[in-house]
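The values are calculated or read from the model by the stated rules, or taken from the named source; none is laboratory data. Everything quoted here is computed from the prediction, not taken from an experiment. Please note: Cβ atoms are built from the backbone with ideal geometry, for glycine as well, and neighbour counts cover all protein chains shown. Note: accessible area is taken over every heavy atom of the protein model, side chains too, but ligands, DNA and RNA are not part of it. Shrake-Rupley method; radii C 1.70, N 1.55, O 1.52, S 1.80 Å.
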Amino acid sequence: MTRFDVFNGDADGLCALQQLRLDDPQEAVLVTGAKRDNALLERVPAQAGDLVTALDIAMPGNRAALVALLGRGVRVRYVDHHEPGEVPDSPLLELTIDTSPDVCTSALADRLVEGRQRPWAIVGCFGDNMNGTAQGLAAALGLDDARRARWQELGECLNYNAYGLSEEDLVYRPAQLYGALSPYADPDRFIEQEPHFERLRQARSADLERALECPAELLGRNAVLHLLPDAAWARRVSGSFANHALNADPERAHAIATPRPGTGLLQVSLRLPRSSAASAHELVRPFGGGGRRGAAGIDALDPSELPRLAERLAALD
């Protein structure tokens with residue numbers, strides 16, 4: 001039997017896998033990529049009797065490949081927090097999905113391992129901007145303020161690393177970063193003994209400074225559109241900047257638009273306030289996007305559609 005670990009390359013996917021493999025060490029083939037590189041199951045050459053663990057990858061973009069894997073007799077353990085749409089019916093599919101607004105895949109992994117690897121659940125929740133959930137888990141673990149702050153910054157840096165059009169935009173390839181994380185049950189040991197956190201921290205800080213200098217357009221009273229340039233740093237920081245913008249101005253929605261080089265299209269990250277009655281997933285779905293209630297994205301938006309998206313955002317209550 002061959003095992004395949006398939007995971008989103010952001011903080012949530014990394015930290016979910018970190019918990020599962022610290023709790024149950026297994027040799028596995030890693031399949032991952034940049035944040036928006038979500039259709040990962042189609043790359044898995046699993047055959048009958050193999051086991052695939054899929055973490056933090058939205059099902060709609062992976063459904064056809066999932067059905068094909070199940071049809072070949074592959075067992076699939078699927079853990080995710082995005083809207084799944086139609087779910088295949090198969091005894092080979094072990095499904096753990098929760099789309100509640102305060103749940104991410106790292107929180108689901110924490111449930112699955114019964115809190116035994118909670119430090120990395122906290123890092124992952126912070127990285128996915130689930131700060132309330134992270135703080136609750138940190139309180140249960142009795143973390144002091146200094147460690148909470150360190151682990152929050154680590155999560156944010158891991159998440160920052162995943163955004164980009166491709167792995168070439170990133171500071172580290174996600175599989176490389178997971179390899180560096182995997183020996184450490186204690187996030188502080190990783191911070192202290194590896195150079196990667198400091199490198200990510202400095203890169204993220206520099207990219208955020210550039211993003212804060214870019215133009216922003218107020219859409220009505222309740223939404224802001226941020227326009228970033230066609231540059232690797234802009235694609236890399238788009239997710240971190242979206243979370244930063246929301247945390248700094250939590251009563252408004254924030255859309256971050258970044259050009260996709262050589263295509264004439266835009267990539268959009270959207271964050272909605274927790275108090276919003278709207279769903280980010282529903283807002284972006286007419287534009288071919290997806291996500292969850294508070295955060296969503298559009299991979300390829302024609303610029304001619306930007307006014308229509310801006311109109312929908314301006315209409316938010």
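Key figures for this structure:
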| read-out | value |
| --- | --- |
| Order of exposure, largest accessible area first, which applies to MET1, MET130 with probe 1.4 Å | MET1, MET130 |
| Chain lengthening between LEU95 and ALA315 when straightened (0.36 nm per residue, less Cα-Cα) | 75.6 nm |
| Charge-dipole axis of the chain as Lys and Arg at +1 and Asp and Glu at -1 on Cβ define it, positive-most pick from TRP120, GLY132, SER238 | SER238 |
| Cβ-based charge dipole, the chain, positive-most Cα from LEU272, GLN176, ALA310 | ALA310 |
| Solvent exposure ordering (accessible area, 1.4 Å, most first) of VAL103, VAL171 | VAL171, VAL103 |
| Sites GLU305 and ALA39, calculated FRET efficiency, Cβ-Cβ separation with R0 25 Å, nearest 0.05 | 0.70 |
| GLN193 paired with VAL67, simple spin-label distance in nm, labels 7 Å along Cα-to-beta-carbon | 4.7 |
| Net charge dipole size for the chain [Lys, Arg +1 and Asp, Glu -1 on Cβ; Debye, nearest 20] | 160 |
| Heavy atoms of ARG77: accessible area, 1.4 Å probe, square angstrom to 10 | 60 |
| Label-to-label distance, nm, for residues given as ALA185 and ASP230 (7 Å Cα→Cβ offset) | 5.1 |
| Charge dipole of the chain about the Cα centre (unit charges at C-beta), most positive-ward option of GLY291, LEU70, GLY33 | LEU70 |
| Spin-label zone in segment 2-19 - amide nitrogen under 20 Å from a point set 7 Å from the Cα of ALA140 along the C-beta vector | 12-19 |
| Size of charge dipole - segment 126-188 - debye, nearest 20, with Cβ of Lys, Arg +1 and Asp, Glu -1, no other charges | 140 |
| Residues ASN247 and CYS214, FRET efficiency given R0 of 22 Å [Cβ-Cβ distance, rounded to 0.05] | 0.80 |
| Backbone N within segment 167-183 under 16 Å of label point (7 Å from GLN202 Cα along the Cβ vector) | 171-172 |
| Residue order for ARG150, ARG285, ARG274 - accessible surface, 1.4 angstrom probe, largest first | ARG274, ARG285, ARG150 |
| Accessible surface, the chain, averaged per residue in Å² (probe 1.4 Å) | 41 |
| Charged-residue dipole, Cβ positions (Lys, Arg, Asp, Glu), segment 50-185 about Cα centre, Debye nearest 20 | 420 |
| Euclidean distance of C-alpha centroids, segment 188-249 and segment 252-317, integer Å | 17 |
| DSSP-defined antiparallel bridges as percent of all bridges, the chain, nearest 5 | 45 |
